[in-house]
Protein chains: 2
Amino acid sequence: MNERQPARRPGGRSARVGAQVHQAVTDLISERGYGNFTVGEVAARAGVADSSIYRRWGSLETLLTDVALTRLNAQSPMPDTGSLDGDLRTYAAAVAREITGPDGLALLRLAFALAGTGDQGLKARDALRAERTQQLQSMLDRAGERGEDAPSAFDVLDHVLAPMYIRVLFGMELTPDYVDGLVDRIL
Amino acid sequence: MNERQPARRPGGRSARVGAQVHQAVTDLISERGYGNFTVGEVAARAGVADSSIYRRWGSLETLLTDVALTRLNAQSPMPDTGSLDGDLRTYAAAVAREITGPDGLALLRLAFALAGTGDQGLKARDALRAERTQQLQSMLDRAGERGEDAPSAFDVLDHVLAPMYIRVLFGMELTPDYVDGLVDRIL
């Protein structure tokens, strides 16, 4: 993500371009699927120059992960309820809701797509994972600072997120009791 | 799978056709990816009539899951070591080896592909999951019959298989200690 300009004024030109490019990517993914469009096509759809995209994101892969992270942060932001129990249950429920919605497995699709595009893609996939893991770790660190005994971000990945994703991929239902049970298990 | 003929004599014509068709599917998946070939193309590649494929498998989706199950059974068969501990460790290590190999995530790719092909595909995906879960459950039932306190097949799916798959998909290494730790956790 270090290709991104650090500061964007909300409502400024940079924010407007960012929103147009994100929308163009989202549309192209839903119309054609990953791997079936280029930076030039994103630029044309967004009405911006190719060079604006390369300057800001550096590559299509980095842009795709930025769009995915923006979506994740909007749909399942890391909660801050004041307790580990509340944070984990809120987060798990938000993820469950998101991944059972339309194209809920977008993150897994993106990981597959990035893995198929060589070094650039693998780097982008690793950056996506690192960023999201770090967000999760911050939530768990807050619990630690309150004196709560928090699991690691990897425990949450392995025993809360992974089962939910795999169950949805294989067509199994995620009931609220099931999701709560996953949280109980790691607390 | 109920479209399959129940009996195939090893070495007989039926077995030969089965092997040719499976090979054709494997080749077409690796050349073109899922969703990019038809029953007619499989038949042409295998040198058999389309009708032979429809008679035996009923649909492309059923054929794809049959190929996937055959691969799974060859690469990570359910072990029978005489103890739950041995069975689970052997199985987890075999799955880890398989999914970190070339196209190790074939099963996840297939699940995505089937989910995109309507009712027929969803049914085939569910049949694949049911068949594999049932195999796993048989292994766990043997442990129960020996008086061992076995987890459920869903526990193994959620807390051993799912974390390994998601970690590989996101580019994390599966060390033998990590895989053993997952087994320790559910035993």
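The values are calculated or read from the model by the stated rules, or taken from the named source; none is laboratory data. Source: prediction; values computed, not measured. Note: ideal-geometry Cβ built from the backbone for every residue, glycine included; neighbour counts use all protein chains shown. To get the accessible areas, we keep the full protein, side chains included, count just its heavy atoms, and leave off ligands, DNA and RNA. Shrake-Rupley method; radii C 1.70, N 1.55, O 1.52, S 1.80 Å.
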Legend entry - Breaking point among (1) modelled with pLDDT of 95 or more; (2) over 13 Å from the mean Cα position of the chain (by Cα), for A:LEU63: (2)
Inset, instruction - Give the residues of the stretch A:128-179 that are more than 10 Å from chain B (Cβ to nearest Cβ) and open to solvent by less than 30 Å² (accessible area, probe 1.4 Å), sorted by residue number. - result: A:LEU136, A:MET139, A:LEU140, A:ALA143, A:PRO151, A:ALA153, A:VAL156, A:LEU174, A:VAL179
Inset, instruction - Say whether the condition of being of a type in the set (A, V, I, L, M), closer than 25 Å to B:ILE166 by Cβ and within 13 Å of chain B (Cβ to nearest Cβ) is met by at least one residue in the stretch A:62-79. - result: yes
Inset, instruction - Could you give me the residue pairs with C-beta distances under 7 Å whose first residue belongs to the stretch B:125-138 and is in contact (Cβ under 8 Å) with a residue 40 or more places away in the chain, whose second residue is among the aromatic types (Phe, Trp, Tyr) wherever it lies, and which are 6+ apart or on separate chains? - result: B:ARG125/A:PHE170
Inset, instruction - May I ask you to list the residues in the stretch B:109-125 that are closer than 17 Å to B:ALA162 by Cα and open to solvent by 50 Å² or more (accessible area, probe 1.4 Å)? - result: B:ARG109
Inset, instruction - Mind listing just one residue for me: the one in the stretch A:25-42 that is assigned to a helix (DSSP H, G or I) and out of contact with any Phe, Trp or Tyr (no Cβ under 9 Å at 6 or more places or on another chain) and, of those, nearest to A:THR70 (Cα to Cα)? - result: A:THR26
Inset, instruction - Could you list, in sequence order, all residues of the stretch A:41-54 that are surrounded by fewer than 12 Cβ atoms within 10 Å (Cβ to Cβ) and either out of contact with any helix residue (DSSP H, G or I) (no Cβ under 9 Å at 6 or more places or on another chain) or not hydroxyl-bearing (Ser, Thr, Tyr) (or both)? - result: A:GLY47
Inset, instruction - Quickly run through the stretch A:81-108 and pick out the residues that are outside any helix (DSSP H, G or I) and open to solvent by less than 10 Å² (accessible area, probe 1.4 Å). - result: A:GLY104
Inset, instruction - Go through the stretch A:149-187 and count every residue that is hydroxyl-bearing (Ser, Thr, Tyr) and in a helix (DSSP H, G or I). - result: 2
Inset, instruction - Considering every residue within the stretch A:95-105, establish whether at least one is within 14 Å of A:ASP66 (Cα to Cα) and out of contact with any Cys (no Cβ under 7 Å at 6 or more places or on another chain). - result: no
Legend entry - Odd one out for A:ASP66 among (1) closer than 30 Å to A:ASP180 by Cα; (2) among the charged types (D, E, K, R); (3) open to solvent by 60 Å² or more (accessible area, probe 1.4 Å): (3)
Inset, instruction - Could you please give the count of residues in the stretch A:76-92 that are in contact (Cβ under 8 Å) with a residue 24 or more places away in the chain and touching a helix residue (DSSP H, G or I) at 6+ places or on another chain (Cβ under 6 Å)? - result: 7
